[in-house]
Amino acid sequence: MAAANLSTLSSSLSKPSSIPFNTSNSHSFFINKTLQKPCFIHKSTFSHAALETHKASSVVASKNPISDVVSSNKPNPEVYYDDDEKPREECGVVGIYGDPEAARLCYLALHALQHRGQEGAGIVAVNNNVLQSITGVGLVSDVFNESKLDQLPGNLAIGHVRYSTAGASMLKNVQPFVAGYRFGSVGVAHNGNLVNYRALRAKLEENGSIFNTSSDTEVVLHLIATSKHRPFLLRIVDACEKLEGAYSIVFATEDKLVAVRDPFGFRPLVMGRRSNGAIVFASETCALDLIEATYEREVYPGEVLVADKNGLQSLCLMSHPQPKQCIFEHIYFALPNSVVFGRSVYESRRQFGEILATESPVDCDVVIAVPDSGVVAALGYAAKAGVPFQQGLIRSHYVGRTFIEPSQKIRDFGVKLKLSPVRAVLEGKRVVVVDDSIVRGTTSSKIVRLIKEAGAKEVHMRIASPPIIASCYYGVDTPSAEELISNRMSVEEIRDFIGSDSLAFLPFDSLKRSLGNDSPNFCYACFSGKYPVEPRELKVKRVGDFVDDGLNGSLESIDGGWVLASHNQKEVKVGSV
């Protein structure tokens, strides 16, 4: 958006009559003359209690979590690292406006989003125009208790859970971040990854910005603070037009909750409403369910939603290319009871299992899943194949990401601590094992060996996704392409490596057909190597490295923890063996 256009928009926003609010709960439709884009305006009917106007007061500087880091770099050799090879979602966000229990509802919603990040949590609440934050390392229940939540009064709050890469001394900056600028304070919680982060940071530093972290979220704060526009909404628009990559963000100011989603809609963000009229934004609908908020719709790609005392305002202020929503939300990340990108996650996974049973059948006696993410696909496979589904692997939910290994080396210790085979189900059986993905292949090989040691006669692996051949740059923690087994081996070579009697992946074309008319709206870069937004900086995390995006220090100091990604990613023929 050109500066002239922003100026025009600023002028129009200064005139309340230029934006047609509807006093009912229905949508009003208008054309944004600046961009010639269709936009929606929605005005909510809140209770007077929920919309209590903040009294004017000076902004008090709050504790700034940007500077809170753990700063030890040396791994502890006595700690055994969990070798779970699954891709990791970086975080989950929530925002609530118009409820006097906003912070407590945020706390509950973060519990529902705990699967999106287990290593840090934080909440920022607004009370009497002051942004107050509590953040910490660990699970939501580790960070918050009754007394801490008592310190977060107010009817506006945002929250965040985050995941970071494995290591003995993880360097953290737990969001939401809080910062002050000329016209007030702002809190931000971000899900996603900016592919032009380094270029933006370099330019900001040239102009005098000082950074406390290497988090791309801090870049967003600096862009807002250095914007030439006065209204906060225009500062957000000005900042977002400079961002490239994936971002679903919630902002909290002294009197507003703002939700923004990138034009491609890579990462999910949904909106709901509680019975008292309070507005809720969250990464998944499971968070809405827990706090009894009714799901209304997604935040549209390229949309800015503003909740304040005047209601809910929706502006489509960015260009709208073809959406490219992350397909891995339906394969692995989201909970099965969520609706993501307008589709039931449960139904997607069940359908993936049915496709595997149809296109890659095998004579078997029992179907089992690698819990928990393979369960729904396994149910679909078993139902379609007419073979009983049983619990052949029991998962322990009480194992953290690090633990002490006994001095006497035990083969496959990490997997055995997490998964226990049920011999009564497996012994003497031809077993189909359904999992959601194979990344490096190390865990899959240990699972196959575990099942065979429990007496299985045959083990047939079925994977409810196509082979992963490329790294993700849009907010998913994946290894470099060279470490992805499907980028280096054929399906038969992978089968031999993991030791299964047969192996089949979900065919890429069948995956797309199952999505029907929505198929063009998904990002398949991890399966094809074709990126909707080119990752110009080409950086991905190295497996097992302790460095994460919360490292405190210069960019040069973290380069050792990153590797250049490769464009030499081969096409893979998908099928059964």
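Within region 300-315, can you find the residues that are in a strand (DSSP E or B) and under 21 Å from PRO520 (Cα atoms)?
The initial filter retains those residues of region 300-315 that are in a strand (DSSP E or B), namely 303-308, 311-315.
Answer for region 300-315, where residues must be in a strand (DSSP E or B) and under 21 Å from PRO520 (Cα atoms): just GLU303.
Out of GLY159, GLY138, I need the residue that is closer than 14 Å to TYR107 by Cα, of a type outside the set (A, V, I, L, M) and modelled with pLDDT under 90. Which one?
Numbers: GLY159 fails: modelled with pLDDT under 90.
Sole residue among the options that is closer than 14 Å to TYR107 by Cα, of a type outside the set (A, V, I, L, M) and modelled with pLDDT under 90: GLY138.
Restricting to region 135-157, count the residues that are touching a residue at least 60 places away in the same chain (Cβ under 8 Å) and either open to solvent by 60 Å² or more (accessible area, probe 1.4 Å) or under 16 Å from ARG116 (Cα atoms) (or both).
Here is the first cut: in region 135-157, the ones touching a residue at least 60 places away in the same chain (Cβ under 8 Å) are 135, 137, 155-157.
So of that shortlist, the ones also either open to solvent by 60 Å² or more (accessible area, probe 1.4 Å) or under 16 Å from ARG116 (Cα atoms) (or both) come out as 137.
Of the residues in region 135-157, 1 are touching a residue at least 60 places away in the same chain (Cβ under 8 Å) and either open to solvent by 60 Å² or more (accessible area, probe 1.4 Å) or under 16 Å from ARG116 (Cα atoms) (or both).
Do we have SER510 as open to solvent by less than 10 Å² (accessible area, probe 1.4 Å), at pLDDT 50 or above, of a type outside the set (D, E, K, R) and part of a helix (DSSP H, G or I) here?
Numbers: open to solvent by less than 10 Å² (accessible area, probe 1.4 Å): yes; at pLDDT 50 or above: yes; of a type outside the set (D, E, K, R): yes; part of a helix (DSSP H, G or I): yes.
Here the answer is yes, as SER510 does meet what is asked.
Residue check, TYR80 against (1) at pLDDT below 60; (2) under 22 Å from the mean Cα position of the chain (by Cα); (3) not in a helix (DSSP H, G or I), all met but one. Which one?
(2)
Among the residues of region 91-134, count how many are part of a loop (DSSP other than H, G, I, E, B) and buried (at least 24 other Cβ atoms within 10 Å of the Cβ).
Of the residues in region 91-134, the ones part of a loop (DSSP other than H, G, I, E, B) are 98-101, 113, 117-119, 128-129.
Subsequent filtering for residues that are buried (at least 24 other Cβ atoms within 10 Å of the Cβ) retains 98-99, 113, 117.
Within region 91-134, residues that are part of a loop (DSSP other than H, G, I, E, B) and buried (at least 24 other Cβ atoms within 10 Å of the Cβ) number 4.
Of (1) over 21 Å from the mean Cα position of the chain (by Cα); (2) surrounded by fewer than 22 Cβ atoms within 10 Å (Cβ to Cβ); (3) under 30 Å from VAL250 (Cα atoms), TYR346 satisfies all except one. Which?
Failing condition for TYR346: (1).
When GLN175 is evaluated against the numbered criteria (1) in a helix (DSSP H, G or I); (2) under 27 Å from GLU303 (Cβ atoms); (3) open to solvent by 10 Å² or more (accessible area, probe 1.4 Å); (4) of a type in the set (S, T, N, Q), which criterion, by number, is the only one it fails?
Going through the list (1) in a helix (DSSP H, G or I); (2) under 27 Å from GLU303 (Cβ atoms); (3) open to solvent by 10 Å² or more (accessible area, probe 1.4 Å); (4) of a type in the set (S, T, N, Q), GLN175 breaks only (1).
Which ones in region 349-398 are open to solvent by less than 40 Å² (accessible area, probe 1.4 Å), of a type in the set (A, V, I, L, M) and out of contact with any strand residue (DSSP E or B) (no Cβ under 6 Å at 6 or more places or on another chain)?
The answer is ILE355, ALA357, VAL376.
With the structure loaded, tell me whether GLU284 is modelled with pLDDT under 95 and open to solvent by less than 10 Å² (accessible area, probe 1.4 Å) or whether it fails that test.
Details: modelled with pLDDT under 95: no; open to solvent by less than 10 Å² (accessible area, probe 1.4 Å): yes.
Spelling it out, it is not the case that GLU284 is modelled with pLDDT under 95 and open to solvent by less than 10 Å² (accessible area, probe 1.4 Å).
For region 444-457, name all the residues that are more than 14 Å from ASP496 (Cα to Cα) and of a type outside the set (A, V, I, L, M).
Passing the criteria: LYS452, GLU453, GLY455, LYS457.
Would you check if TYR107 is modelled with pLDDT of 95 or more and of a type in the set (Ser, Thr, Tyr)?
Details: modelled with pLDDT of 95 or more: yes; of a type in the set (Ser, Thr, Tyr): yes.
Taking the combined requirement at face value, the residue satisfies it.
For region 202-230, give me the residue count where each residue is touching a His at 6+ places or on another chain (Cβ under 8 Å) and not aliphatic (A, V, I, L, M). Break it down into steps so the answer makes sense when it comes.
Keep residues of region 202-230 that are touching a His at 6+ places or on another chain (Cβ under 8 Å), which gives 204, 209, 211, 216-217, 220.
In the following step, the residues that additionally are not aliphatic (A, V, I, L, M) were identified as 209, 211, 216-217.
Going through region 202-230 one residue at a time, the tally reaches 4.
The values are calculated or read from the model by the stated rules, or taken from the named source; none is laboratory data. Not measured: the values here are computed from a predicted model. Because the Cβ atoms are built from the backbone with ideal geometry, glycine has one as well, and the counts that use them run over all protein chains shown. Each accessible area value is taken on the protein alone, full model and side chains, heavy atoms only, with ligands, DNA and RNA left out. Shrake-Rupley method; radii C 1.70, N 1.55, O 1.52, S 1.80 Å.
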